[in-house]
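Okay, structure first, notes after.
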Amino acid sequence: MTLLSPWFGLALFAAALLSARYLLHRGLAPAASTDGPTPAELGLRAHEVQIPGAAGQQLFAWYLPAPASAQHPTPAVVLLHGWGGNASTLLSAAQALHAAGFAVLLPESRNHGRSSRAGHSSLPRFAEDLEAALDWLVLQPDVDPQRLAALGHSVGAAAVLLVASRRPGLAAAVSVSAFAHPEWVMRRWLAQRHVPYWPLGWLINRYVERVIGARFDHIAPLATLGQAQCPVLLLHGAQDDTVPLADAQQLIQHKGRAHATLLALDGTHEGFADPAQAGRSVLDFLRQALRAAPD
């Protein structure tokens, strides 16, 4: 038995790795949900649109053209939900922005809501879908292409920061509850499941990098915020226990030359204690940033 014990341990490790691989693949393809209010239920007139995405995917979105009373062409904002969300997730924010004169686009990332199902979801894929949404928005005749902004929540926020680091035409970016680094997110996820980081957790993270086709260090908000080519507002709930406020504090400490501001408000990962205060802060930021955008 002494000779077999190393092989037995290796077999257990291999079984654990295969189980983790199965759970990861399930976790990387979230269940599509369409729960939540519709624009009509909030008194909003929205168009249902299909946006061409990467690799032939079709992204469902609600488009709210700016009010007729707004001066055209108008500034526009893309609102991107987080993991497991859909176009309804940020609809209340869309309502406030629309009332302030913005055109608003609420896309659903692939594997979410009514958009195409396509293997796994990931931060890079969220960013690709956000780029597709911005490309669609630029073509709308009522939109000012020089005054485009993006707001995202959680992984959608991380995608906003990734896009802001590589898209010169973006005029403003709002990150709501973004994590600082995917490695930290995975460590927290593994710890909740009592999976030791070394060596199993480390191997799992390297496998995830291979699946998504990107190194965590390259796509982490901790790396991309400093490369942002537009003003950035980091908005974070002080009582967020999914992505701790410490992540946002790390981001602002490593912003480099980026024009970024952190605003911590009472709230959790899913919402702020005073949504109206959060809404005013976003509107004030967007108005200032878009006013300064080049003509």
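Observations
- Solvent exposure of segment 173-244, expressed per residue, is 45 Å² of accessible area, with all protein chains present and a 1.4 angstrom probe.
- C-alpha center-to-center spacing [segment 54-130, segment 241-295] in angstrom: 19
- Scaled against the 2.2 N^0.38 Å expected of a compact globular protein of N residues, the Cα radius of gyration of the chain reads 1.06.
- Projecting label points 7 angstrom from Cα along Cα→Cβ for residue 280 and residue 200 puts them 5.0 nm apart.
- Percent accessible area from carbon and sulfur atoms, the chain, protein chains only, probe 1.4 Å: 57
- Hull-based mean projected area of segment 105-178, where the convex hull spans the alpha carbons, in square nanometres: 4.9
- For segment 94-247, the Kirkwood hydrodynamic radius comes to 16.6 Å, computed from all pairs of different C-alpha atoms.
- Accessible-area ranking of 189, 62, 202, largest first, probe 1.4 Å: 202, 189, 62
- In this simple spin-label model, placing a label point 7 Å from the Cα along the Cα-to-Cβ direction at both residue 32 and residue 210 gives a separation of 2.9 nm.
- Ranked order, 184, 198, 136, 83 - accessible area, probe 1.4 Å, largest first: 198, 83, 184, 136
- Restricting the trypsin sites (Lys or Arg not before Pro) of segment 109-154 to loop positions (DSSP other than H, G, I, E, B) with no more than 12 neighbouring Cβ atoms within 10 Å leaves 117.
The values are calculated or read from the model by the stated rules, or taken from the named source; none is laboratory data. Just so it is clear, the model here is predicted, and its values are computed rather than measured. Neighbour counts run over all protein chains shown; Cβ positions are idealised from the backbone, glycine included. Ligands, DNA and RNA are excluded from the accessible area calculation, which covers all protein heavy atoms including side chains. Shrake-Rupley method; radii C 1.70, N 1.55, O 1.52, S 1.80 Å.
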